[in-house]
Each structure stands twice: as structure tokens, then as C-alpha cells.
């Protein structure tokens, strides 16, 4: 009689860990697709996707774990957005060891945020480092920023409080490229160019200048391909020029010149702390959120902008400031 020999527990454990390691390299969309293959695949994908919406994983590097909920309540009350590398690493499920916590807040609410950081979260103000991005004040002013303050968290990490005179979303839209057009509210994470940023790892630069060179190098080192468009002169109406321009229009495909809103179907939106796994609204034809949105979240989703191209082919973003900011929203 033949007997079935079971593999040693250690080997079985190695297989499970190898499985998780392989799946950890899949994107959120790929994990969702993998989870449809079988019951076992669903369980494995659910386990990994369950951590995608866990913003506390990021926040606990700056605040004690028992104070992250307090920060998120303050975030909701003040309309503060987490952006920059902290937002990006949540969405791509990576860890950037030296990333600061960038907090974008309207000037009418910055006082409440500062009071919460100082009194409720025991942070303290520190001088701005000359080599930090916040030291480039002129660049921030061009993006609609009033002031940048550096704070040190209880864990010794840097928190940047970026005060905006327009809405925080409008300020983020004025930055250098599409790969940083991501942000996290108190309840949702947003990627305005989700397919391009989180799946294709390409970034369209909408602003040039010496100050952008180092930024490009940083994101290229993290895996994003930089894209600059240069098209034929549209004033040239020759037959060959028309053929060249028609071919060039196909190159718009990853970043079409469109007017957009934050809440449209092209934005990838992830609910935070979802009970099973986060849904990606817009990644599969748009998903309906079952979370009641407050007035600030609704106003955020009405923010609009347009991506366009100059005749020479360089891209630009026009941020539409029509959405009013009301600090009395609750």
C-alpha cells in the first residue's frame, strides 16, 4: 500500500512566503484580477489588498499608533490632504524610508492643524533645512503656496505643513508632473492619473526648469519613465506635415488633452480601511462608493483641471479655481 508523503512544514511555509513575495510585486489592479481565478487566489489577493487602504501603516511612522485615528479626525475637520511620497507609497505599496509627511491645508484651516500637531500630537517646529524641497520658496509660490513649515514628529521624522491660498487640490495640480498628482483625504486615496502612474509607471512633465531636474531624477530612480512631448508645428499645412501630425496625435493616447474632474471615471479612488479589500473606482469602469461622503470630500471631487499642449508640444495643466473653499464645511 502506497502512502502519501506530506512535505515538511518548513517547505510548505517557504512556498506560502514565496507566493506572497511574488504577489507583492503585482499592482492593485493585477491583484484584483488574480483574485478572480480561484478561491485560493481570492484569499491570497484579499490578504494583500486589505493592507492597501491602511493609511495607518504610513502614519504610524510619524505618530504613535494610538494617535493615528486622532490625526485622521483632525485631517477630516481641516480638509488636510496627505500628498507627495507618502501618498504615492500607499498607492504603489512600497516604502520610501526617508519620505517626509507632506500635509496640504488651506490657509483658513492651518491654525487648527498646527494646534493639533503641537498640542494633540506633540510635534515641534524645526528650522527649514536648506537642502530640503521646502527651501525652494519661489517654486512653491508659483504653485499657489503661502508658506511651508517643517515640524518634527514624536518619532523624529519630518512633517511639512504646506499652506495654500487656493484649495490643496489646485496646488497639487500645479506641480511638475502627473506622477505626483495623488493625494489622501481622511477617507479616500486618489490618483488622478491612476493607469499611467500605478500601472504603466510613466509620468508626463507639465513644467520644466532647473528645479525640476532633481525631481525627475528622484522619480526615475523609483521606476517612473519621464515623458516630454514635442510635436510638429501645427501651422505647417503641407501634406507631409498633416501625416506627421496625425501620427503624433496617436502619441497623445496615454495623456489625452481633456478637461477632468477629481471624481470622474478616469481617477482611481481607493477607500481607506475597507473591511475586505479596497475598491478602485475608475479602474474597472468605475465603482460606486458605499461610504457617505461629507461636504469636504464632495467639494474635493468637484475640483477640475485641463491638460493641454502648446503648439511646440510641451504639456501644461490649467487648474480651474472655480470650486470655492468654505472653511465652515463639516
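The values are calculated or read from the model by the stated rules, or taken from the named source; none is laboratory data. Worth saying up front: this structure is predicted, and the values here are computed from it rather than measured. Here the Cβ positions follow ideal geometry from the backbone for every residue, glycine too, while neighbour counts run over all protein chains shown.
Being under 10 Å from the mean Cα position of the chain (by Cα) and assigned to a strand (DSSP E or B) is the filter; apply it to the stretch 176-199 and report the residue that is surrounded by the fewest Cβ atoms within 10 Å (Cβ to Cβ). Residue satisfying both the conditions and the ranking: 189. With respect to residue 277, is the statement that it is assigned to a loop (DSSP other than H, G, I, E, B), assigned by TED's automatic domain parsing to the domain that holds residue 172, surrounded by 14 or more Cβ atoms within 10 Å (Cβ to Cβ) and at pLDDT 50 or above true? When the stated conditions are applied, residue 277 does not pass them. Is at least one residue of the stretch 60-79 closer than 17 Å to residue 178 by Cα and either more than 16 Å from the chain's Cα centre (by Cα) or assigned to a strand (DSSP E or B) (or both)? The answer is no; no qualifying residue exists. Against the list (1) in contact with a strand residue (DSSP E or B) (Cβ under 6 Å, 6 or more places away or on another chain); (2) modelled with pLDDT of 65 or more; (3) within 13 Å of residue 187 (Cα to Cα), the condition residue 306 fails is (3).
Number of residues in the stretch 200-215 that are surrounded by fewer than 18 Cβ atoms within 10 Å (Cβ to Cβ) and at pLDDT below 90: the value is 7. Would you say residue 264 is assigned by TED's automatic domain parsing to the domain that holds residue 88, modelled with pLDDT of 75 or more and in a loop (DSSP other than H, G, I, E, B)? Yes; evaluated as a whole, the condition is true for this residue.
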